[in-house]
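Peer 1: One structure coming up, written as structure tokens, with questions to follow.
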Amino acid sequence: MRIPSDASPLWKFCHLALTALRPIFCSLKIEGVENIPRHGGAVLACNHPGGMDSFVLGFASPRQVYYMAKRELFNVHPVMSYLLHRIGAFPINRGARDTAAIEYSVELLKQGCVLGMFPEGTRNRGKPMRRGKSGAVRIAIDAGVPVVPVAVLGIPHLHRYWYNPFKRTKLSVQFGQPVNFPPGTMEEVQEYTTEIMLEVARMMPPELRGHYEEALASPRERTPTGPQPVEPLNPGTRDLATG
């Protein structure tokens, strides 16, 4: 896979290392990379099956992805804090509204960066999806950037068998079409969030759709807001599968 041109040196090193080691542990199918805007900021709104989903999402993205990370990780050791910052992570206080982290997220997006977020808030460890929180969509609205729904599958199996080359995990990452949302009330932003989470759920098997399975099965499901046209990453490439 091509290393993101906008990546930091440490991100490029990690990408090279994962490119070399990944085939030992898993196969990876990536679809919809053309849905990630080539330029400008974007929020990748992804399901949250486990602790390694951020690594898989970042590896699959054609652009460097920035993430929020719990502040405790930055207090473990100065070297770890330095590496986290260099790879694009920044601290957030969990359990409280961290205004500084939110403002920093908006600023990153306005500078043209890609921000990975997990609206479920908590890892579901391979269980059905939880109801999404509105923070990711609200940040995207404040920054004036699109939201790209993303589904990552196979993480729980990778957690169990990453060390066993005889049980290579089949991972998949699918990027949906980007959506631009207008400013709205709290209720409207939650509705926007539901639209994005429904798009994520559509890319997942029925047994993992959880909170959104009933809505997807209902013939009265509300039609999501149509995405605004966004310049494709590569008009000639729709799917990318490796390994």
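Peer 1: Can you pull out every residue in the stretch 1-33 that is more than 24 Å from Y82 (Cβ to Cβ), assigned to a loop (DSSP other than H, G, I, E, B) and among the charged types (D, E, K, R)?
Peer 2: Selection gives R2 alone.
Peer 1: Among (1) surrounded by 19 or more Cβ atoms within 10 Å (Cβ to Cβ); (2) among the hydrophobic types (A, V, I, L, M, F, W, C); (3) outside any strand (DSSP E or B), which single condition is L115 missing?
Peer 2: (3)
Peer 1: Residue under question is N124, and the condition is that it be surrounded by fewer than 21 Cβ atoms within 10 Å (Cβ to Cβ), in contact with a Lys or Arg (Cβ under 7 Å, 6 or more places away or on another chain), at negative phi and free of Cβ contacts under 8 Å to residues at least 24 places away in the same chain; does it hold?
Peer 2: no
Peer 1: So is P37 assigned to a loop (DSSP other than H, G, I, E, B), surrounded by 24 or more Cβ atoms within 10 Å (Cβ to Cβ) and of a type outside the set (S, T, Y) or not?
Peer 2: no
Peer 1: Moving on to the next point. For the stretch 75-88, enumerate the residues that are among the charged types (D, E, K, R) and buried (at least 16 other Cβ atoms within 10 Å of the Cβ).
Peer 2: Correct list: empty.
Peer 1: Something else now. Taking interchain pairs and intrachain pairs at least six residues apart, which have beta carbon atoms under 7 angstrom, with the first residue in the stretch 55-66 and free of Cβ contacts under 8 Å to residues at least 60 places away in the same chain and the second part of a helix (DSSP H, G or I) and of a type in the set (A, V, I, L, M)?
Peer 2: F59/L18; V65/L57; Y66/L108
Peer 1: Being outside any helix (DSSP H, G or I), buried (at least 19 other Cβ atoms within 10 Å of the Cβ) and modelled with pLDDT of 90 or more, is that true of even one residue in the stretch 89-109?
Peer 2: Within the stretch 89-109 (the criterion being outside any helix (DSSP H, G or I), buried (at least 19 other Cβ atoms within 10 Å of the Cβ) and modelled with pLDDT of 90 or more), the answer is no, since none of the residues qualifies.
Peer 1: If you don't mind, there's one more thing I want to ask. Among the residues that make up the stretch 33-48, is at least one of them over 18 Å from L18 (Cα atoms) and at pLDDT below 85?
Peer 2: no
Peer 1: Okay, moving on. Kindly provide the set of residues from the stretch 40-59 that are in contact with a Ser or Thr (Cβ under 9 Å, 6 or more places away or on another chain) and buried (at least 23 other Cβ atoms within 10 Å of the Cβ), ordered by number.
Peer 2: V43, L44, A45, C46
Peer 1: How many residues are surrounded by fewer than 15 Cβ atoms within 10 Å (Cβ to Cβ) and either part of a helix (DSSP H, G or I) or modelled with pLDDT of 95 or more (or both) when one looks only at the stretch 152-179?
Peer 2: Going through the stretch 152-179 one residue at a time, the tally reaches 4.
Peer 1: Another question, then. In the stretch 203-221, which residues are without any contact (Cβ under 8 Å) to a residue 24 or more places away in the chain, part of a helix (DSSP H, G or I) and not acidic (D, E)?
Peer 2: Correct list: P206, A215, L216, A217.
Peer 1: Checking the condition at pLDDT 95 or above, out of contact with any His (no Cβ under 7 Å at 6 or more places or on another chain) and part of a loop (DSSP other than H, G, I, E, B), which residue from P149, P182 passes?
Peer 2: P182
Peer 1: If I filter the stretch 1-23 down to residues being within 20 Å of H39 (Cα to Cα) and among the polar types (S, T, N, Q), which single residue comes out as surrounded by the fewest Cβ atoms within 10 Å (Cβ to Cβ)?
Peer 2: Checked the stretch 1-23; the qualifying residue surrounded by the fewest Cβ atoms within 10 Å (Cβ to Cβ) is S5.
Peer 1: Just checking, does the stretch 96-103 include any residue being hydrophobic (A, V, I, L, M, F, W, C) and free of Cβ contacts under 8 Å to residues at least 12 places away in the same chain?
Peer 2: Taking every residue of the stretch 96-103 in turn, at least one turns out to be hydrophobic (A, V, I, L, M, F, W, C) and free of Cβ contacts under 8 Å to residues at least 12 places away in the same chain.
The values are calculated or read from the model by the stated rules, or taken from the named source; none is laboratory data. Note that the coordinates shown come from a computational prediction; the quantities given were computed from them, not determined experimentally. For neighbour counting, all protein chains shown are included, and Cβ atoms are generated from backbone atoms with ideal geometry for every residue, glycine included.
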